[in-house]
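The structure appears right after this line, and notes come after that.
The values are calculated or read from the model by the stated rules, or taken from the named source; none is laboratory data. Fair warning: this is a prediction, and the values are worked out from it, not measured in the lab. Positions of Cβ are backbone-derived with ideal geometry, glycine not excepted, and every protein chain shown enters the neighbour counts.
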Amino acid sequence: MARGLHEWQPRLDALCAGNAVFRRAVVLEETPSTQDAAETRDASPGTFVTAWRQTSGRGRFGRHWDDTGDLGIATTFVIDAQPAERLALVGAVAAAEAAESALGSAVGIKWPNDVVIDGRKLAGVLIERSGTRVLIGIGLNVSHGSFGAELASRATSLAMLGARVDRLDVLCALITALERALAASDDELVAGFHARDALRGTRALFSTPSGPIEGEVLAVDPMRGLRVRSDGREHFLPAQSTSVAEWGRVLKAQRSGGRYPA
């Protein structure tokens, strides 16, 4: 049986008592975005803000994250500033580990920080700096039974993959995994990424400052960027300014229609 909102705060307080990084939990009944909530803006490092319901979440480069309702996890973790590229890797590896603990099987990471299964997004990470703090926003689809037409080919959930788990249990697993990932060395994080790398060897369409580039991904350095072969040439696409516009089944659908998104 799914746990009610009244159970979240005491369970998370107890978890924080034994956590070396996160010592304070703030539970909101509803917020447009945990990343933008006043409670996050005023939080000190070592705090995380989570919501029973997030209605207007957002992802990397301002992309929309679908309303979680009471079906998913939406949490922002506040820590002292570190390089964004490392923290994107930290968040991706932690989200992947939390998903794997629920599924009992491996998941993929689509660079830079999306957790995917069979080309569909299960979780995403957003890293933003705020003064001397960094906000790690993580959204994970847990109990969704389906998605609307726009997302049906792009998104999945733990429930759709066969896991019958409570959101609070998954959130606790995520907090523990994030604590562990933050303490890991760069080499350990990179190894965790490469073991799950879903992008290398596939074709994708990338948004870059100089325009879109479509090509085969030859190599992924998760904290620096990508090597991509396009039109017979190799390109290095830096992490700071590159995003994956279309990939996998979505790219194939776009190609069959002869058009790409703007």
**Request:** Could you tell me which residue of the stretch 17-58 is farthest from Asn141 (Cα to Cα), considering only residues that are assigned to a helix (DSSP H, G or I) and without any contact (Cβ under 8 Å) to a residue 24 or more places away in the chain?
**Result:** Ala17
**Request:** Give just the number: which of (1) modelled with pLDDT under 95; (2) within 23 Å of Cys172 (Cβ to Cβ); (3) acidic (Asp, Glu) does Asp36 not satisfy?
**Result:** (2)
**Message:** Please go through (1) surrounded by 21 or more Cβ atoms within 10 Å (Cβ to Cβ); (2) part of a loop (DSSP other than H, G, I, E, B) for Phe147 and return the number of the only condition it doesn't satisfy.
**Reply:** (1)
**Message:** Can you find, within the stretch 214-249, the residue that is modelled with the highest pLDDT among those that are over 30 Å from Ser185 (Cβ atoms) and buried (at least 19 other Cβ atoms within 10 Å of the Cβ)?
**Reply:** Gly215
**Item:** Residues (more than 18 Å from the chain's Cα centre (by Cα) and crowded, with 17+ Cβ neighbours inside 10 Å) located in the stretch 185-205
**Value:** Arg203, Ala204, Leu205
**Item:** Number of the exception - Leu178 against (1) closer than 27 Å to Val228 by Cβ; (2) outside any loop (DSSP other than H, G, I, E, B); (3) in contact with a Gly (Cβ under 9 Å, 6 or more places away or on another chain)
**Value:** (1)
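Results for (1) aliphatic (A, V, I, L, M); (2) farther than 21 Å from Pro238 by Cα; (3) crowded, with 18+ Cβ neighbours inside 10 Å, shown as yes or no for each residue.
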position	(1), (2), (3)
Val125	yes, no, yes
Ser143	no, yes, yes
Arg167	no, yes, yes
Leu174	yes, yes, yes
**Message:** So, in the stretch 143-166, how many residues would count as being in contact with a helix residue (DSSP H, G or I) (Cβ under 7 Å, 6 or more places away or on another chain) and closer than 16 Å to Ala106 by Cα?
**Reply:** 3
**Item:** Flag if Leu158 is out of contact with any Ser or Thr (no Cβ under 9 Å at 6 or more places or on another chain), farther than 16 Å from Ala92 by Cβ and not basic (Lys, Arg)
**Value:** no
**Asked** Pick from Thr76, Thr156: which is within 26 Å of Arg224 (Cβ to Cβ), of a type in the set (S, T, N, Q) and either modelled with pLDDT under 95 or buried (at least 19 other Cβ atoms within 10 Å of the Cβ) (or both)?
**Response** Thr76
**Item:** Failed item, numbered, when Asp66 is tested on (1) at pLDDT 95 or above; (2) over 23 Å from Arg180 (Cα atoms)
**Value:** (1)
